[in-house]
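Chemist: This is the structure, below, for whatever I ask next.
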Amino acid sequence: FIGTNASGTAALPNLNDGIVVDNTSNVLIGGTEPGDRNLISGNGQYGVSVYVSNDVTIVGNTIGPSVSGGQLPSSDQRAGVMITAGARNRVGGALPGETNVIAFHTFTGIGVEPNSVRNTFARNSLFSNEFGIDLDFLLRGQPALQLAELGAVQIGLRNPALRVVAVARDIQGR
């Protein structure tokens with residue numbers, strides 16, 4: 001458990017981020033097997049920060065909720081996953097066990113800052129965030145969000161109270 005007590009029921013926040021991937025590549029956070037997954041909640045800023053890094057895979061994690069799936073008391077984690085100046089990173093996936101649960105963030109579930117390209121977000125469960133996915137695109141027009149050949153992809157839930165809003169100047173699906 002990262003950012004919580006040993007039982008995953010209360011926040012014991014790190015000052016900033018729970019996990020920081022900084023200027024590296026080929027990193028796996030989580031996994032498809034129950035023993036590989038992480039509970040990343042209650043941190044001061046972001047659950048997972050990917051900064052100037054490529055080919056980072058984030059799968060099978062619970063980012064934001066308590067161990068029981070509810071809102072963590074006293075948590076003020078701003079974003080679940082934040083990608084800054086990264087390429088070809090993947091959050092979630094189409095295989096069994098690759099879904100991340102990303103919820104209860106005061107700003108966004110997944111944030112993508114400028115100069116990030118060809119990042120893929122697939123089959124994540126995003127709910128109860130101020131924004132589900134907050135996108136920012138390069139001026140060259142390359143997509144920060146790519147939904148490609150994943151079959152049935154759902155962003156958000158059908159319940160309007162648990163809304164997901166994608167904010168961007170342009171969205172491109174292939």
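Read the figures in this text as sums done on the coordinates, not as results from a lab. For clarity, every value in this text was computed on a predicted model and none was experimentally measured.
Chemist: From the backbone phi of segment 86-103, what are the Karplus-calculated ³J(HN,Hα) couplings (6.51 cos²θ - 1.76 cosθ + 1.60, θ = phi - 60°) in whole Hz, Gly and Pro given as x?
Modeler: Couplings: x, 9, 6, 8, 10, 10, x, x, 8, 7, x, x, 8, 5, 9, 9, 10, 8 Hz.
Chemist: Still on this structure: What span do the alpha-carbon atoms of segment 15-108 cover on each of the three principal axes, reported in whole Å from largest to smallest?
Modeler: Sorted from largest, the Cα extents of segment 15-108 read 34, 29, 19 Å.
Chemist: Taking a ≥ b ≥ c as the square roots of the Cα gyration tensor eigenvalues, with a/c under 1.5 meaning rounded and otherwise prolate when a/b beats b/c, else oblate, which class fits segment 71-122?
Modeler: Details: a/c = 3.80, a/b = 1.27, b/c = 2.99.
Since a/c reaches 1.5 but b/c is at least a/b, the shape of segment 71-122 is classed as oblate.
Chemist: Further, regarding this structure: Need the full-extension length gain, SER25 to SER68, defined as separation in residues times 0.36 nm minus the C-alpha distance. One decimal, nm.
Modeler: Result for the pair: 12.3 nm of gain on full extension.
Chemist: THR106 to SER7: extension gain in nm, 0.36 nm per residue of separation minus the Cα-Cα distance?
Modeler: Once the chain is fully extended between THR106 and SER7, it gains 33.4 nm.
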